[in-house]
Amino acid sequence: MASPIIRIDNIVKRYGPLTVLDGLSIKVMPGEKLALIGPSGSGKTTILRILMTLETISGGHIEVDGEQLYHMRKGADLISADERHLHRMRKKIGMVFQHFNLFPHKCVLDNITLAPMLTQGAGRADAEKRAMELLDMVGMADKAKAVPAQLSGGQKQRVAIARALALSPKIMLFDEVTSALDPELVEEVLNVMRRLAAETDMTMLLVTHEMGFAHDFADRVLFFDRGKIVEEGRPEEIFRNPKQERTQGFLRKIIAAGHRV
Amino acid sequence: MSVWSGYLTLILEGALVTLKLTVMGSALALVMAFLAGLGRLSRFFAVRALATTYIEFFRGTSIFVQLFWVYFVLPFAGITLTPLQAGVLALGLNVGAYGAEVVRGAVKAVGRQQTEACVALNLSRYQRMRHVILPQALPLMLPTFCNNAIELLKGTAVVSLISLTDLTFQAQVVRAQTGNTLIPFTTILFLYFVMAWAISTAMRWLERRMTRGLDGVRT
């Protein structure tokens, strides 16, 4: 049996006196599609941010692709990772944000080619060729020369997905990628992700409030509340037959709010 | 009339000195603004402390005193500067301190989300600043830099006090020699205005150029 590509081991995250994650452990297998659901403030986004090294951890260990994320070996000791170690580890991981975070001063094509050219030493011609392939995949090839301000939210998010993919990460993190979109634009982004899931064997972690999508997309669903995993299992189990009362209550509220399951 | 043309030449020579001071002072101010402004955002405490000390000191003391200090006190430490060097140094350091806060404010205004996108794309700290943050921060700095440059231009008048023959100094010479106040001082009033107007026109042009593409089409 293959070993996990992500091994989160007993991590703790505190903001001052507030403990957001308290001794959380998760294992993710290579190629697995994981959906993290739960109420706001339950810590699910924090996990993605920690994996992307946008936050630090207050305790515990994380292993990504066989290596410590926040620690490195020095002789027999495990010490805090330095910037170089983090730089190496970030190559394995890509992230798509709720608010896209495209670079407004660069056209779509340059948004995508910037990182491969700067961090992977790609030549402009190669980087642009690859960028056009990715734009084609997300259905945005005709907007290559547009700037972000000219795009709709759904288009921006598709570009942001292409931008993250350009670095060929092994793991992709999607942080509420449709939450900032008008309802009629959600589907175009979800379609891109479905295609991505079908065509690649990337490991994907998805924080979402789109329960229907989580149901179809994920191999496994984790329900979070107050920094802990309350319930986990296959989407059918979690959505059709939740065992925990808190999961049932959360799903009821979501359905009442008009999200389809 | 020929007498007045001689005096006009004198004043125009003064204008050239003022222009030199403004250009060189602005260049130094710009360098200092970026050094101290980015220094205040450094990860390292010592760098932040140094930048903050510089900014607070030069904003908190008078340009007049700074100039006298540079010109009359530094020689005691064995550093003797020409009036022009002293003027450029005092003006550049003084205005640079104000500019530093402009740089810091503009960089911070670009926002965390852009930095986070850079981290997710694995750009180094330098690459983030160079390719993502500063290109967006520069257009935000320009209007205030324009103010600072005009302030610096007008501030150059204090160098007449250390016998540098700038516009104001020459006007006083003409006044002393002719006994006429109206003509020399009206002339330099006009010349200062023309120079300030040239600065703001140039800055507006630069601003238009830099913001192009931020919200329009790029070809």
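Every number here is computed from the coordinates shown, using simple stated rules; none is lab data. Nothing here was measured: the structure is a model prediction, and the numbers come from that model. FYI the Cβ positions are ideal-geometry reconstructions off the backbone, even for glycines, and counts take in every protein chain you see.
Within 10 Å of each Cβ in peptide A:164-171, how many partner chain Cβ atoms are there on average? Round it to a whole number, please.
1
In peptide A:104-116, how many Cβ atoms from other protein chains are near each Cβ within 10 Å, on average?
Counting other chains' Cβ atoms within 10 Å and averaging over A:104-116 gives 4.
Tell me the relative contact order for region A:82-182 as a rounded percent, counting alpha carbon contacts under 8 Å between residues six or more apart.
Reported relative contact order: 47 percent.
Across the residues of B:108-121, average count of Cβ atoms on other protein chains within 10 Å?
6
Evaluate the charge dipole of chain A about its Cα centre and quote only its size in Debye, nearest 20, assuming +1 on the Cβ of each Lys and Arg and -1 on the Cβ of each Asp and Glu.
That gives a dipole near 380 debye.
Of B:172, B:10, B:69, whose Cα points farthest to the positive end of the dipole of chain B (charges on the beta-carbon: +1 Lys, Arg; -1 Asp, Glu; origin at the Cα centre)?
In chain B, that residue is B:69.
Could you check the simple spin-label distance between residue B:79 and residue A:14, using points 7 Å along Cα→Cβ, in nm with one decimal?
Between residue B:79 and residue A:14, the label points sit 4.7 nm apart.
Quick check on region B:1-114: take the gyration tensor over C-alpha atoms, sort the square-rooted eigenvalues as a ≥ b ≥ c, and tell me if it's rounded (a/c under 1.5), prolate or oblate.
Taking the square roots of the gyration eigenvalues as a ≥ b ≥ c, region B:1-114 is oblate.
Give me the Kirkwood hydrodynamic radius of region B:66-133, using the inverse of the mean 1/r over all pairs of distinct Cα atoms, in Å to one decimal.
14.8 Å
Relative contact order (percent) for region B:2-211, with alpha-carbon contacts under 8 angstrom and 6 or more residues of separation?
Over region B:2-211, the number comes to 29 percent.
Over chain A, what relative contact order in percent results from Cα pairs under 8 Å that are six or more residues apart?
After rounding, I find 24 percent.
For residue A:92, give me every one of the aspartates and glutamates with a C-alpha distance below 18 angstrom, ignoring sequence neighbours fewer than eight places off in its own chain.
Within the straight-line cut-off, residue A:92 pairs with A:32, A:55, A:63, A:65, A:67, A:82, A:83, A:175, A:201, B:116.
Past the 19 Å Cα-Cα mark, which pairs from A:44/A:228; A:44/A:91; A:106/A:145?
Distance filter (> 19 Å) returns A:44/A:91.
What size of dipole, in debye to the nearest 20, comes out for the protein assembly as shown about its Cα centre when the only charges are +1 on Lys and Arg C-beta atoms and -1 on Asp and Glu C-beta atoms?
Once rounded to the nearest 20, the dipole reads 420 debye.
Taking a ≥ b ≥ c as the square roots of the eigenvalues of the Cα gyration tensor of chain B, is the shape rounded (a/c under 1.5), prolate (a/b larger than b/c) or oblate?
Oblate, because a/c is 1.5 or more while a/b does not exceed b/c.
Just want the answer: with Cβ charges of +1 for Lys and Arg and -1 for Asp and Glu, which residue in A:94, A:10, A:196 is farthest toward the dipole's positive end in chain A?
Positive-most Cα among the choices belongs to A:10.
Would you mind counting up the charge near residue A:7? Only other residues with Cβ under 11 Å from its Cβ, with Lys and Arg at +1 and Asp and Glu at -1.
-3
With r defined as the distance between the Cβ atoms of residue B:208 and residue A:244 and R0 fixed at 56 Å, what FRET efficiency is calculated, to the nearest 0.05?
0.40
Decide, for chain A, between rounded, prolate and oblate: order the square roots of the alpha carbon gyration tensor eigenvalues as a ≥ b ≥ c, take rounded if a/c falls under 1.5, and otherwise choose prolate if a/b is larger than b/c, else oblate.
Oblate, since a/c reaches 1.5 and b/c is not below a/b.
Mind putting a number on the dipole of region B:2-211 about its Cα centre? Charges go on the C-beta only, +1 for Lys and Arg and -1 for Asp and Glu, and I need it in Debye to the nearest 20.
For this selection, approximately 780 debye.
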